[in-house]
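A quick write-up on the structure given underneath.
The values are calculated or read from the model by the stated rules, or taken from the named source; none is laboratory data. Computed from a prediction, not measured in an experiment: that's the story for all the values here. Neighbour counts run over all protein chains shown; Cβ positions are idealised from the backbone, glycine included. Ligands, DNA and RNA are stripped out before the accessible areas are found, and what is left, the full protein with its side chains, is counted by its heavy atoms. Shrake-Rupley method; radii C 1.70, N 1.55, O 1.52, S 1.80 Å.
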Amino acid sequence: MMTLWQRCSEKIRQEVSPQTFARWFAGVEELSASESSLAIQTPDPFTADTLRSRYWGIITDVLKQEAGPNVVLTLSVGSGPANGAGRPGTPAAMIPAEETTALSEGPQPPYDRPDFLNPRYRFENFVVGGSNEFAHACSLRLADGAGVARNPLFIYGGVGLGKTHLMHAIAHRVLDQRPRSRIFYTSSESFTNDLITSIRQNQMAAFRSKYRKVDILMIDDIQFIAGKERTQEEFFFTFEALQRARKQIVITSDKMPKDTPGLEERLRSRFISGMIADIGAPDFETKVAILQKKAGEQDLFLDGEVAHYIAEKVRSNVRELEGCLIKLSIHASLHDIEIDLPVAQEVLRGIIRDPARNSSVDNIQKIVAEHFQIRVSDLKSKNRARSFAVPRQIAMYLARKLTRASTTEIGRRFGGKDHSTVIHSTNKIEGLLKTDLSLSATIQTLEQKIDLS
Ligand code: ADP
Ligand code: MG
């Protein structure tokens, strides 16, 4: 017979990634269980904190399913790895999810965990998918002190795709592991403002030493430095000094160095010789995973259908995905109802534009055909010539992204093709979009045309 906790943890295993399960749940043991209570024990305080702050919702949900709504859950920390018969640990009261406690013991860092660090922007909260795995891997390596082959690490990607999140995650992880590390994080705008103040108050020496005595310098949104001569000059000196001292520099930008007008040539060439890691728009599966993760963090039950709906409709910006969730969560608690698909559609109407209104498959076909100067009938034909096949794949991709039509329906509208052809075409375009900048520009243009039609 499985114990209550074993039954719960089997269910949890189905809900989280294998890594998450192995890291946070595998070492948890049941101390006691009765009709009205379950006491579990974690091997260390860090695991306990994490379970409380991040997985409390899922644990209590599963417990409700397994043992009814009135079972009280208590969590305690064992001393050392729990083995066999659980040693009673120090009982801990239930701590609400918001209350994450200090994570590392040992020497106090010279700076407290800096308040510019968003506590939610950690690697554990970052969903890895095809669009961001390289940037994630580089960041993780850097944080683990393995260093990146080249300095700086230059994270590049569109708005709301997780650049700042990754940067904070690096800082958190470094501080978790090496609390004494000196990390300085700032945006390029604050850097500029700081510089202006220092010049005015005649404190350039202090300014320089502040930025140069760090182990890791992080500058968020460097694109704003472009066109500001004095700031760029000062930043260049800082950069050189840190690099000479073999300190790590991390930079984010929403533009590639070569596409940033007004960026000084010497900075541009430094950035280009760094490690450039780009973040692309998340694919459908990654968007669903992000939604589920964020919902879990907020203790919000997210219906699968609703997650799919949002992931399909929100184009690329992860911040928008979150916006949808927040709206749903407020609605759910205000009206004390569960969010199903019709409710979600209603609530999100203002955020998610209704694609049925202006983008029908027909309309997309017309716009794509016109753009490539071919006929709609060419899109629907079986002609595999490149000049037709590529526009056809693009049109299918857009139809899938911008309309509610199913893949079967889309296949039918493209001259009776199989739904697997539609999926194949869509995947192909998605794959190409990761590397092909001119394709992604074309698609953007087409989407705008479709939007305006
Ligand atoms: P950027 O700096 O690129 O504009 P942010 O890092 O501010 O974007 O991310 C916007 C929001 O989306 C943040 O709340 C962040 O937590 C979330 N986010 C982005 N990518 C991911 C991801 N892969 N997993 C989880 N959350 C993500
Ligand atoms: Mg940012």
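Just the number, please: carbon plus sulfur as a percent of the accessible area of region 173-316, 1.4 Å probe, no ligands or DNA/RNA counted.
The computed percentage sits at 49.
Give me the net charge for the shell around Asn151: Cβ to Cβ below 12 angstrom, other residues only, Lys and Arg +1, Asp and Glu -1. Don't jump to the answer; show the numbers that get you there.
Values: positive: Arg150, Arg244, Arg246, Lys247, Arg270; negative: Glu240.
Local net charge: +4.
Starting with the highest mean, order 371-377, 163-169 by the number of other Cβ atoms within 10 Å, averaged over the residues of each peptide.
Numbers: 371-377: 14.4, 163-169: 23.3.
Packing proxy ranking, top to bottom: 163-169, 371-377.
May I ask you to order 202-208, 258-264 by the average number of other C-beta atoms within 10 Å around their residues, highest value first?
Numbers: 202-208: 12.3, 258-264: 14.1.
Taking the mean over residues of other Cβ atoms within 10 Å, the ranking is 258-264, 202-208.
Run the numbers on region 310-394 and let me know its relative contact order in percent, using alpha-carbon pairs under 8 Å that are six or more apart.
Details: 36 pairs, mean separation 15.2, N = 85.
With pairs under 8 Å counted, the relative contact order is 18 percent.
Run the numbers for His419 and Arg182: contour at 0.36 nm per residue of separation, minus the present Cα-Cα distance, in nm. Mind showing how you got there, number by number?
Working: separation 237, 0.36 × 237 = 85.32 nm, distance 5.44 nm.
Computed gain between His419 and Arg182 is 79.9 nm.
Give the relative contact order (percent, whole number) for the chain; include only Cα pairs under 8 Å separated by 6+ residues. Mind showing how you got there, number by number?
Details: 611 pairs, mean separation 53.2, N = 453.
Relative contact order of the chain: 12 percent.
So what is log10(I(q)/I(0)) for region 223-286 at q = 0.15, 0.21, 0.26, 0.29 1/Å, when the Debye sum runs over its Cα atoms only?
Per q value, in the given order, log10 I(q)/I(0) is -0.52, -0.89, -1.25, -1.44.
What does the charge count around Val361 come to, taking other residues whose C-beta lies under 11 Å from its C-beta (Lys +1, Arg +1, Asp -1, Glu -1)? Before the final figure, lay out each step's value.
Values: positive: Lys366, Lys380, Arg400, Arg404, Arg412, Arg413; negative: Asp362, Glu409.
In short, +4.
Taking the convex hull of the Cα atoms, report for region 346-405 its projected area averaged over all directions, in nm². Mind dumping the intermediate values first?
Working: hull surface 17.1 nm².
Projected area, direction-averaged: 4.3 nm².
Between Glu189 and Ser387, what is the spin-label point distance in nm, taking each point 7 Å from the Cα along the Cα→C-beta axis?
4.8 nm
So with the 1.4 Å probe, I'd like the accessible area per residue for the chain, rounded to whole Å². Mind showing how you got there, number by number?
Values: 22700 Å² over 453 residues.
Per-residue accessible area for the chain comes out at 50 Å².
Let me understand region 134-291 better: what is its radius of gyration from the alpha carbons, and its Dmax, in angstrom?
Cα-based Rg and Dmax for region 134-291 come out at 15.6, 53 Å.
Among the listed pairs Lys293/Lys434; Lys210/Lys434; Lys294/Lys417; Lys213/Lys287, which are separated by more than 32 Å between their Cα atoms? The partial results should precede the final answer.
Numbers: Lys293/Lys434 24 Å; Lys210/Lys434 38 Å; Lys294/Lys417 37 Å; Lys213/Lys287 39 Å.
Beyond 32 Å between Cα atoms: Lys210/Lys434; Lys294/Lys417; Lys213/Lys287.
Considering only the chain, what is the antiparallel percent among its DSSP beta bridges, to the nearest 5?
25 percent
Which three extents, in whole angstrom, do the alpha-carbon atoms of the chain cover along their principal axes, largest first?
75, 68, 39
I'd like to compare 42-55, 407-420: which one has the highest average count of other Cβ atoms within 10 Å, and what's the full order after that?
Numbers: 42-55: 19.6, 407-420: 16.6.
Going from most to least packed, we get 42-55, 407-420.
Using Cα pairs under 8 angstrom and six or more residues apart, how large is the relative contact order of region 126-270, in percent?
Working: 175 pairs, mean separation 41.0, N = 145.
Dividing the mean separation by the residue count of region 126-270 yields 28 percent.
With Kirkwood's inverse mean 1/r over C-alpha pairs for Rh, give me the Rg to Rh ratio of region 306-453, two decimals please.
A ratio of 1.03.
For region 117-215, what Kirkwood radius comes out of the mean inverse Cα-Cα distance, in Å? Present the calculation step by step, with values, prior to reporting the outcome.
On the way: mean 1/r = 0.0666 Å⁻¹.
After inverting the pairwise mean of 1/r, the radius is 15.0 Å.
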